[in-house]
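In what follows, a structure is listed as structure tokens, so that the remarks can point back to it.
The values are calculated or read from the model by the stated rules, or taken from the named source; none is laboratory data. Worth saying up front: this structure is predicted, and the values here are computed from it rather than measured. Cβ coordinates were reconstructed from backbone atoms using ideal geometry, including for glycine residues, and neighbour counts include every protein chain displayed. Protein only, heavy atoms only, side chains kept; ligands, DNA and RNA dropped before computing areas. Shrake-Rupley method; radii C 1.70, N 1.55, O 1.52, S 1.80 Å.
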Amino acid sequence: MQSGKLLIAWHSRTGASRAMAHSAAVGAGDGSLLLAAEDVCADHLLQAAGYLFVCPENLATMSGIMKDMFDRCYYPVLGKIEGRPYATAIAAGSDGEGAQRQIDRIAKGWRLKRVADPLIICTEAQQPEDILREKRLSGHQMVQCRQLGEALASGLEMGIF
């Protein structure tokens, strides 16, 4: 049985994705469940009505811990969550498209329905010291994440998706 809630599954190494996920959860309010990717299990996916996947792009791919979440949960939920809505938020140094494509391919296998354009926030970190440094998002970027969470939770609550 679905809980009607938005599951916000996230991973972060340097803070940008964590801030994005937490801001989305503020926007979604009580309509969300915020969980670190390493804590997500198949039951969480089965109980949620929709999903927001938030992670950094590392070396042109989603972070390993986010990939691990998909690896652990893929087959236990296959054929059981079809048609549910999802969206993505990616923190990237310059591009974010590699991580985005990977998550979209997994979502296609689960037959999820994308309900919002990808949100990719570029930190422009290109040098090793910048890449490894703790990230802070701008107020505008935080608003974007909060609005995404609010839109997803509201859409679920109103039965739009």
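Screening 21, 91, 9, 87 for residues that are outside any strand (DSSP E or B) and within 25 Å of residue 134 (Cα to Cα) leaves exactly one candidate, 21.
Here the condition is being charged (D, E, K, R), open to solvent by 20 Å² or more (accessible area, probe 1.4 Å) and more than 19 Å from residue 153 (Cα to Cα); of 80, 113, it holds for 80 alone.
Condition check for residue 57 on (1) touching a strand residue (DSSP E or B) at 6+ places or on another chain (Cβ under 6 Å); (2) at pLDDT 95 or above; (3) open to solvent by 30 Å² or more (accessible area, probe 1.4 Å); (4) of a type in the set (D, E, K, R): one failure, at (2).
Given the structure, is residue 19 buried (at least 17 other Cβ atoms within 10 Å of the Cβ), closer than 20 Å to residue 117 by Cα, modelled with pLDDT of 95 or more and not β-branched (Val, Ile, Thr)? So residue 19 fits the description; yes. From the list 79, 98, 64, 15, the lone residue that is under 23 Å from residue 131 (Cα atoms) and without any contact (Cβ under 8 Å) to a residue 24 or more places away in the chain is 64. Checked against (1) more than 22 Å from residue 159 (Cα to Cα); (2) without any contact (Cβ under 8 Å) to a residue 24 or more places away in the chain; (3) not β-branched (Val, Ile, Thr), residue 108 passes all but condition (1).
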